[in-house]
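Structure record follows, encoded as C-alpha cells.
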Amino acid sequence: MILVTGATGTIGSSTVKALKARGARFKVASRSPEKLQGSGVEAVLFDWDKLETYGSALQGVEKLFVLTPTTEKQAEYTQRLVDAAKKSGVKHIVKLSVMGADAEPGIMLGRLHKAGENAIKASGIAWTMLRPTFFMENFINFYGADPKKDSTVYLPHGQGKAAWVDGRDIGEVAAVVMTTPGHEGKTYDLTGPEALGAQEALDALGQAVGHKYTYVDVPEAAAQKAMTDMGASKWSVDGLMELNFIIKQGWSAALGTGVKDVLGRPPRSFSQYAKDFASGQR
Ligand SMILES: NC(=O)c1ccc[n+]([C@@H]2O[C@H](COP(=O)([O-])OP(=O)(O)OC[C@H]3O[C@@H](n4cnc5c(N)ncnc54)[C@H](OP(=O)(O)O)[C@@H]3O)[C@@H](O)[C@H]2O)c1
C-alpha cells in the first residue's frame, strides 16, 4: 500500500494518475477526504498541522510519497511524518525535493528540502529523492499566462533559461519508483529536454492555445514590491525572489537524466506540454 501526500496538487495529481495507470494499490492523504468521495480513489484524513492525523493515515502503508507544501514549516513537517512512518513500519519513502538541494549555501527553499532529505536519510528507512527543476505548469499556475486570453507576463528572469519539467513526468517517475524495485538510495534530477527562456516557453504555450503572450523582464526591486503590495509575506517574497534569481543567473538551465533513467524515454518537451494543455489532456 502506497500513501500519497499532496495528492490534489500539480505533482500529486499526476502521481495519482500514473499510479492508477499502473494498477497500484494506493490511498491519498488529504485535508478534505470527503471531497474525493466518488473519485474512485481511497482518501484518508491527513493534515500536516495535525499530528493526530498522521498515525491513522499511515496505517498499513509500506511506501510513502512525501510532498510538502511550500511553507517555512516544510522540514519540520517532514521530520514529524518520518518519525510517525518509522513507528508504523513504512519501508520506503520517496520525497519530492528540488534540484540543487545540495548547493552551498544554496537558497532557502533548497535548504529546507535538503533538511527534509536528511531527516528521511537519518531514519534508516529506504529512500529515493526526486529533485525536479521548475515546473512547466508554473506559467499558467503562477506567472499569469491566461489560457483564455492574450497576456503580458512580468518576471524578473532577465534572459535566463530553465530546463522546465512537465509535472506529468515527475508523477510518472514517482509512480515507477514506488512500484518497481531498484530505486532505493537513489537521487534523480528531473528536468525537461531543453533549457528555455521565458519568452521561448510563452511562445510555445501561446502557439498551442492560440494566444499571444508577451514576457516583460521586470527589475528585481519592482517584482519584490509588486508581490509585497499583493500581500505576500516577507518569507514568500524572499523565497520567490531567490527562485527568480537562480533562473536569471542561468543556474537552472542544467539538464538532468532522471526522467530517462527511470522511464526509459526522454522527458516531454515544452511544446508537447503546451499542445497537451491546449487539447485538455492536462
Ligand atoms: N513549482 C515548482 O516549479 C517547483 C519546483 C521544484 C520543487 N517544487 C516543490 O514542489 C512542492 C509543491 O508541489 P505542487 O506544486 O504539486 O503542490 P501544490 O499544487 O501547491 O499542492 C500542494 C498540496 O499540498 C496539500 N496541502 C497543503 N497544505 C496541507 C496541509 N496542511 N495538510 C495536508 N495537505 C496539505 C494540498 O492539499 P489541499 O487540496 O488540501 O490544498 C495539495 O495537495 C513543494 O515542495 C515545492 O518546493 C516546486
- Check 198, 162 and return the single one that is more than 17 Å from the chain's Cα centre (by Cα), crowded, with 20+ Cβ neighbours inside 10 Å and in contact (Cβ under 8 Å) with a residue 24 or more places away in the chain. 198
- Task: Please indicate, with yes or no, whether at least one residue in segment 95-102 is open to solvent by less than 80 Å² (accessible area, probe 1.4 Å), assigned to a strand (DSSP E or B), within 14 Å of the ligand (Cβ to nearest atom) and touching a residue at least 24 places away in the same chain (Cβ under 8 Å).
- Result: yes
- Would you be able to tell me the number of residues in segment 29-42 that are modelled with pLDDT of 90 or more, more than 7 Å from the ligand (Cβ to nearest atom) and either surrounded by fewer than 11 Cβ atoms within 10 Å (Cβ to Cβ) or more than 15 Å from residue 16 (Cβ to Cβ) (or both)? 1
- Message: Against the conditions (1) farther than 27 Å from residue 110 by Cα; (2) out of contact with any Ser or Thr (no Cβ under 9 Å at 6 or more places or on another chain); (3) in a strand (DSSP E or B), where does residue 56 fall short? Just the number, please.
- Response: (3)
- Item | Qualifying position, being within 15 Å of residue 2 (Cβ to Cβ), within 11 Å of the ligand (Cβ to nearest atom) and in contact with a helix residue (DSSP H, G or I) (Cβ under 7 Å, 6 or more places away or on another chain), among 45, 19, 67 | 67
- Of the conditions (1) crowded, with 20+ Cβ neighbours inside 10 Å; (2) assigned to a helix (DSSP H, G or I), residue 189 fails just one. Which one is it? (2)
- Apart from one, (1) within 29 Å of residue 76 (Cα to Cα); (2) surrounded by fewer than 18 Cβ atoms within 10 Å (Cβ to Cβ); (3) away from the ligand (no atom under 12 Å from the Cβ); (4) touching a residue at least 40 places away in the same chain (Cβ under 8 Å) all hold for residue 118; the odd one out is (4)
- Query: In this structure, is residue 45 of a type in the set (A, V, I, L, M) and either within 28 Å of residue 255 (Cα to Cα) or modelled with pLDDT under 95 (or both)?
  - Reply: no
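The values are calculated or read from the model by the stated rules, or taken from the named source; none is laboratory data. Every value quoted in this text rests on a predicted model; they were computed, and no experiment measured them. Neighbour counts are summed over all protein chains in view; Cβ atoms, including those assigned to glycine, are modelled from backbone coordinates with ideal geometry. Calculation scope for accessible area: heavy atoms of the full protein, side chains included, ligands and nucleic acids excluded. Shrake-Rupley method; radii C 1.70, N 1.55, O 1.52, S 1.80 Å.
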